[in-house]
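Undergrad: Structure in structure tokens, see below.
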Amino acid sequence: MLATTAVTLLLSNSAIGAWMNVLYIHQYFQTREHAGGTRSYEFAKYLVGQGHNVTVLSGAMHYSSGTTPEPYKGKVLVKEKVEKIHVVRVGMPFSYKRSFASRILSFLYFMLVSILAGLRVRHVDVVFATSTPLTVGVPGYVLSRVKRVPFVFEVRDLWPASAVAVGALRSRALIRISEWAEAFFYRKARIVIALTRGIYSALCEKGIPVEKVQLITHGADVDLFRPLPKNNAVRTELSLQGKFVATYTGAHGLANGLDVVMEAARLLRHETGIAFLLVGDGAEKGTLVKLAEDYALDNVIFLDPRPKSQIPEVLAAADLCLMILRNLQVFQTACPNKFFDYLAAGRPVLVNFLGEVKEMLEERGAGVFVQPDDPHAMAQAILELEGDPARCAEMGRKARELAMDFAREKQARKLESVLRSVVQE
């Protein structure tokens, strides 16, 4: 009897500590050598560091540029290993940036080819799909059913609600199909992971049982981003020595509403000690550049996307970081990854939309809020901060403290716990 009990306990403990084989589906998987968010890479790296086996299904096209690197061109599937992470890249014949139709085709193509690629992955204990796009839910669900393993679905954005709000999705038929698919994935997933408190609340309001929803926020890469000297090579390269620099990094798209920054820059164009630095790309970048040219703005500098590994130096050169979104109710649930980069870099943050970003900044004294769609308020706030370096330094110190509360490892550990729990079931 004692021997049987001992064996049972041993097997139980072995199951608890067992390695997992995770099939991770993210169409926009990027490392620190790419421009953009690296949440999936950081999580996958943590999981393999804990002894788990991770296979990532991803597109081969860069999300921000809409281009395919040379090694992947003309190929359907490319297998590679990134720091012990098994990555299967799907060659994308349709660009994310060419047109709306091309973007939809890219989603559908990845959806179908990733299912075929996933069928070839032999050992799987759990399928973890992260949106957007929403279509990754299809291979996530199908592969979980075929392999008879749990399906976990992560919601990074309330889609299609956000696409409808910015006018990117207008077809009533596509909206209805998307809403049906959204509800289907939420229903079929064993666990639904929300990226922000706002998304968490929205999911619960949709009727998803609260015990089924887990909150795992963006994390701050406090090892990569940290307070660094302001007068660095970036300031020298861009002739920004002695200036107060307000910096934005990330997408220049419909959702970002960066035209208000151009208007604020126009109001401050005679303040020779203030400069705006916008780093990134997107559908609206050409329009923004044209606007700066029309206004003859010498105080605005545009840079192409840079690998995430280079962004710490860009943020170090900043005096203030801009957290900008269009004034839409759906974005009150947003808490973008760049926000945590800003915090970890130890720089004060200016935010112009309502929601948890504003609440965190005001609660911790790590930045300032200005009213949405008000370039005068933004210009005034920047002018005041430029004249108060001690206040900026104090907000930057508090920003770093806030970032430490969201250290990436804490979020990765929670994800591991969630995946392990569904596997054990």
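Undergrad: Scan region 282-289 and give yes if some residue there is of a type in the set (A, V, I, L, M, F, W, C), without any contact (Cβ under 8 Å) to a residue 60 or more places away in the chain and not in a strand (DSSP E or B), otherwise no. Walk me through how you get there before you give the answer.
TA: Just the residues of region 282-289 that are of a type in the set (A, V, I, L, M, F, W, C), to begin with: 283, 288-289.
Checking the rest, the ones that are also without any contact (Cβ under 8 Å) to a residue 60 or more places away in the chain come to 288-289.
Those left that are additionally not in a strand (DSSP E or B): 288-289.
Yes: one or more hits.
Undergrad: If you check Leu258 against the conditions, is it at pLDDT 95 or above, within 21 Å of Val351 (Cβ to Cβ), in contact with a Phe, Trp or Tyr (Cβ under 6 Å, 6 or more places away or on another chain) and surrounded by 15 or more Cβ atoms within 10 Å (Cβ to Cβ)? Quick ask: steps written out before the conclusion?
TA: Numbers: at pLDDT 95 or above: yes; within 21 Å of Val351 (Cβ to Cβ): yes; in contact with a Phe, Trp or Tyr (Cβ under 6 Å, 6 or more places away or on another chain): no; surrounded by 15 or more Cβ atoms within 10 Å (Cβ to Cβ): yes.
Taking the combined requirement at face value, the residue does not satisfy it.
Undergrad: In region 263-274, how many are farther than 15 Å from Leu350 by Cβ and touching a residue at least 40 places away in the same chain (Cβ under 8 Å)?
TA: 3
A quick yes/no check of all residues on (1) within 22 Å of Tyr342 (Cβ to Cβ); (2) of a type outside the set (Asp, Glu); (3) not assigned by TED's automatic domain parsing to the domain that holds Val164:
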residue	(1), (2), (3)
Val245	yes, yes, yes
Glu263	yes, no, yes
Thr272	no, yes, yes
Glu284	yes, no, yes
Lys290	no, yes, yes
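Undergrad: Just the residues that are of a type in the set (A, V, I, L, M) and either without any contact (Cβ under 8 Å) to a residue 12 or more places away in the chain or surrounded by 19 or more Cβ atoms within 10 Å (Cβ to Cβ) (or both), please, taken from region 297-318.
TA: Scanning region 297-318 gives Val300, Ile311, Val314, Leu315, Ala316, Ala317, Ala318.
Undergrad: Can you name every one of the strands (runs of 3 or more DSSP E) wholly within region 71-132 that holds 3 or more residues which are surrounded by fewer than 19 Cβ atoms within 10 Å (Cβ to Cβ)?
TA: 77-82
Undergrad: Can you tell me which residues in region 225-255 are in contact with a Lys or Arg (Cβ under 7 Å, 6 or more places away or on another chain) and either in contact (Cβ under 8 Å) with a residue 24 or more places away in the chain or of a type in the set (Ser, Thr, Tyr) (or both)? Show your work before the answer.
TA: The initial filter retains those residues of region 225-255 that are in contact with a Lys or Arg (Cβ under 7 Å, 6 or more places away or on another chain), namely 227, 241, 249-250, 252, 255.
Pro227, Thr249, Gly250, His252, Ala255, listed by residue number.
This table checks each residue for (1) hydroxyl-bearing (Ser, Thr, Tyr); (2) closer than 20 Å to Gly280 by Cβ; (3) touching a helix residue (DSSP H, G or I) at 6+ places or on another chain (Cβ under 8 Å).
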position	(1), (2), (3)
Gly37	no, yes, yes
His52	no, no, yes
Gly59	no, yes, yes
Thr68	yes, yes, no
Gly74	no, no, no
Leu77	no, no, yes
Lys81	no, no, no
Ile85	no, no, yes
Gly91	no, no, yes
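Undergrad: Can you pull out every residue in region 12-65 that is among the charged types (D, E, K, R) and either within 14 Å of Ser131 (Cα to Cα) or modelled with pLDDT under 95 (or both)?
TA: Once the filter is applied, which keeps residues that are among the charged types (D, E, K, R) and either within 14 Å of Ser131 (Cα to Cα) or modelled with pLDDT under 95 (or both), region 12-65 yields Arg32, Glu33, Arg39.
Undergrad: Whether any residue in region 50-63 is among the aromatic types (Phe, Trp, Tyr), in the same structural domain as Leu419 (by TED's automatic domain parsing) and either part of a helix (DSSP H, G or I) or in contact (Cβ under 8 Å) with a residue 60 or more places away in the chain (or both) is what I want to check.
TA: no
Undergrad: Filter region 369-391 down to residues that are crowded, with 19+ Cβ neighbours inside 10 Å and more than 24 Å from the chain's Cα centre (by Cα), then give me how many there are.
TA: Qualifying residue count, region 369-391: 7.
Undergrad: With respect to Thr68, determine if the residue is free of Cβ contacts under 8 Å to residues at least 60 places away in the same chain, among the hydroxyl-bearing types (Ser, Thr, Tyr) and not in a helix (DSSP H, G or I). Don't jump to the end; show me each part of the working.
TA: Details: free of Cβ contacts under 8 Å to residues at least 60 places away in the same chain: yes; among the hydroxyl-bearing types (Ser, Thr, Tyr): yes; not in a helix (DSSP H, G or I): yes.
Yes; evaluated as a whole, the condition is true for this residue.
Undergrad: Mind checking which residues of region 153-210 are aliphatic (A, V, I, L, M), in contact with a Cys (Cβ under 9 Å, 6 or more places away or on another chain) and surrounded by fewer than 22 Cβ atoms within 10 Å (Cβ to Cβ)?
TA: Val210, the sole residue that qualifies.
Undergrad: Now for a different question. Taking Ala366 and the conditions (1) outside the structural domain of Leu315 (by TED's automatic domain parsing); (2) crowded, with 21+ Cβ neighbours inside 10 Å, which numbered condition does it fall short on, given that it satisfies the others?
TA: Only one criterion in (1) outside the structural domain of Leu315 (by TED's automatic domain parsing); (2) crowded, with 21+ Cβ neighbours inside 10 Å is unmet by Ala366, namely (1).
Undergrad: List the number of the failed condition for Ser417; all other conditions in (1) outside any loop (DSSP other than H, G, I, E, B); (2) under 22 Å from the mean Cα position of the chain (by Cα); (3) in contact (Cβ under 8 Å) with a residue 12 or more places away in the chain; (4) closer than 29 Å to Arg190 by Cβ hold.
TA: (3)
Undergrad: Turning to a different aspect of this structure: Could you figure out which of (1) closer than 27 Å to Ala251 by Cα; (2) surrounded by fewer than 19 Cβ atoms within 10 Å (Cβ to Cβ) isn't true of Tyr46?
TA: Looking at each condition in turn, Tyr46 falls short on (2).
The values are calculated or read from the model by the stated rules, or taken from the named source; none is laboratory data. Fair warning: this is a prediction, and the values are worked out from it, not measured in the lab. With ideal geometry, Cβ positions are generated from the backbone for all residues, glycine too; neighbour counts draw on all protein chains shown.
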